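A short worksheet on the structure shown next.
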Amino acid sequence: MKQKYKRGRLGKTSHLGDVLVDLIDKYNLEKLFTIESIREIWSDIVGDIISTHSIPERIYNGIIYIAVDHSVFSNELVLMKDHIIKAVSEKCMNIKIYGIRVNVKRFDWKKSIK
């Protein structure tokens, strides 16, 4: 393989941080990072018992959608609505949450954690 030593670069070099920001914007990954950061602190926000029966699924138009496996936990989360909105807004400052929606559904925990 022949090397060309005196030939200059075709483009400018970029910092890794700049490239990552461009990739996150290009593929709309900011919401995925935000929901994962909420999942990491979910047990601190709602407590250990409720966090084992619920998981934040997505954020759409300032509303966080939470899946629970029983209606009892749905009711508890609705009662904790103000606390959840305040805690998420404090811990994840890059996004505003205006409300929550709780869906009771049966789901596979192993798939939802990944």
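Read-outs: derived from the displayed coordinates by stated rules, not from any lab. Note that the structure is a prediction, hence the values are computed from the model and not measured. Cβ placement follows ideal geometry from the backbone for every residue including glycine, while neighbour counts extend to all protein chains displayed.
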> So is VAL46 closer than 19 Å to LEU79 by Cα and free of Cβ contacts under 8 Å to residues at least 40 places away in the same chain or not?
Replying inline: yes
> Got a number for residues in region 44-92 being within 27 Å of ASN28 (Cβ to Cβ), among the aliphatic types (A, V, I, L, M) and surrounded by fewer than 17 Cβ atoms within 10 Å (Cβ to Cβ)?
Replying inline: 1
> Within region 54-92, how many residues are under 16 Å from ASP44 (Cβ atoms) and free of Cβ contacts under 8 Å to residues at least 12 places away in the same chain?
Replying inline: 3
